[in-house]
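Enquirer: Okay, here's the structure, questions in a sec.
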Amino acid sequence: MGGSLTYPYGSTSAVRGHVLAALGVLKVASADQMRRLTCPGHKDSKGVRNACLDLAKHGLTLSEGSARDGQKLWGLTLLGLTAAAEVLGRPAADMGGNARGAARSGAPHAMAVNETVIALTGTQPVPTRPVARSTPTTAPGTPIATAAPAVPAGFGSVGSWATEVVHNLPGTSRTRPSVRADAVLRAPAAGLPVLLVEVDRCTEADEVLAGKFARYHQYFRVKVKDPAIPVAHAVHASLSVPLWQSLYAPTGRDGYPPIAVVFEPGTRLGEQALKNRMNRVLDLTREHWSGKYQKLGGFGGEPDGFVDFTDAIPVLFTTLDRIQESGPLAPVWWRCGHRRWETLTDALDNPRDRRAWRRREDERNAARERKEGPAAAGDWHQRPIPAQPEPAFPPPPPCGTCGGPLKNLGGEDPSAPPPDGRTCEACRITEAAQPPTGLLKALFGRQDKQPRNEPPAWL
């Protein structure tokens, strides 16, 4: 197909959009990798190469080197990064860098990340309408090209991915610690609100790979004030939210966002050496992925409990050749703490968490109800409450004067003296009516009248 003055290599707008989207995510990639990620239905990479050349004519793409297998590598310019942001529907500030100069050394790690993204996405070929031609395009007797090989299905699309994502911890701009994820998948429709991916080419020490999980754990534990709550009200720790939830949606499970480690040893490690590396990394990261056992007594004192994964990171292992051969939907995932290869859904599940304990408790209650009746295993508030005996109070002391009970403690006769706790009301009235004697008489009694036979004092 001939080109035009604007696009001399004859690329279509659809393929140019595929190239911008692929390079906006992968940053540096070969034409074959872009084809397998965005348009695997094309029989070869010629259309993608033509699109790269047309975009380079307009200053959007450039090539600075080749991969170690000889394939030419393409990247974006700053102008192309802005164009890719428009194609992906993302803010330009969220696109990151353009990996300038990565292709000069062959970009071996970027190539491994690209292959991991392609294998996990599993883009399916889209059928196209055949073009009617007046003349046959192949000579008689030429074998007809077979259809593209089937690609195992995966998660999301090219727009679901981001690579080289930096997670900054609180700190100053010069000394701010951070942890960088090789790739991040966000595919809520596939049940994956967020999945962080680390690609390990087995070129670093085991301790270096394990140390990255310590920084992840530190980042996940950081909390900030909830932006939905006014600053004047956000004074309590319970009003804060995890920092990672400002970037990603909640996972719907206990614990932090899962991290998948994809091992791509190539020819550097054999099968047994790779197993030893996995076991070593598993042991070094145990404190980050293992939960804490919480013991709870069941009904009747039965020992039971659950594993709390609130402060744990789900860590999964797999290899690149496994997901390329069987696809990410197959049981190719090994969850640290589990003991078998599982599908991603089963690997992300926590079979020993509080939900499992609640299911066991409900089963025990149901079995007890069938055996002993509803009152034995049903709701506690429906069980009959036994009658409580009335409390027995000691008898009141007798009156100190008459020996009778201390009745009529006051309030019936207004002329009665106030109660003193020793005599009854009748005795207090009788005692008040008697004339005072002794000292009381001298102080409060009336003066005696003068005798009648004595003359008055003024006479």
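Enquirer: Modelled with pLDDT under 85 and of a type in the set (A, V, I, L, M, F, W, C): is that true of Leu284 in this structure? Spell out the reasoning first.
Expert: Details: modelled with pLDDT under 85: no; of a type in the set (A, V, I, L, M, F, W, C): yes.
Here the answer is no, as Leu284 does not meet what is asked.
Per-residue answers, yes or no, for (1) polar (S, T, N, Q); (2) open to solvent by 20 Å² or more (accessible area, probe 1.4 Å):
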residue	(1), (2)
Asp308	no, yes
Arg322	no, yes
Ser326	yes, yes
Arg335	no, no
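Enquirer: Let me ask something else about it. Scan region 184-221 residue by residue and report those that are within 15 Å of the chain's Cα centre (by Cα) and open to solvent by 50 Å² or more (accessible area, probe 1.4 Å).
Expert: Arg186, Pro188, Gln218, Arg221
Enquirer: Among the residues of region 85-122, count how many are open to solvent by 70 Å² or more (accessible area, probe 1.4 Å) and in contact with a Phe, Trp or Tyr (Cβ under 7 Å, 6 or more places away or on another chain).
Expert: Total meeting the criteria: 0.
Enquirer: Only one of (1) more than 19 Å from Gly159 (Cβ to Cβ); (2) open to solvent by 30 Å² or more (accessible area, probe 1.4 Å); (3) at pLDDT 95 or above; (4) not basic (Lys, Arg) is not met by His18, so which one is it?
Expert: Status for His18: all satisfied but (1).
Enquirer: Still on this structure, please answer the following. Anything in region 21-37 that is of a type in the set (Gly, Ala, Ser) and in a helix (DSSP H, G or I)? List them, or say none.
Expert: Step one: of region 21-37, the residues of a type in the set (Gly, Ala, Ser) are 21-22, 24, 29-31.
Passing the criteria: Ala21, Ala22, Gly24, Ala31.
Enquirer: Identify the residue in region 320-353 that is of a type outside the set (A, V, I, L, M) and in a helix (DSSP H, G or I) and, among all such residues, is nearest to Leu269 (Cα to Cα).
Expert: Asp321
Enquirer: Determine, yes or no, whether Ala51 is within 27 Å of Val184 (Cβ to Cβ) and either open to solvent by less than 60 Å² (accessible area, probe 1.4 Å) or acidic (Asp, Glu) (or both). Please lay out each step first, then the result.
Expert: On the way: within 27 Å of Val184 (Cβ to Cβ): yes; either open to solvent by less than 60 Å² (accessible area, probe 1.4 Å) or acidic (Asp, Glu) (or both): yes.
It is true that Ala51 is within 27 Å of Val184 (Cβ to Cβ) and either open to solvent by less than 60 Å² (accessible area, probe 1.4 Å) or acidic (Asp, Glu) (or both).
The values are calculated or read from the model by the stated rules, or taken from the named source; none is laboratory data. In this text the structure is predicted, and so the values were computed from the model without any measurement. Counting neighbours? That spans all protein chains shown, and the Cβs are built from the backbone with ideal geometry, glycine included. Remember, those area values only see protein heavy atoms, side chains included, never the ligands or the DNA or RNA. Shrake-Rupley method; radii C 1.70, N 1.55, O 1.52, S 1.80 Å.
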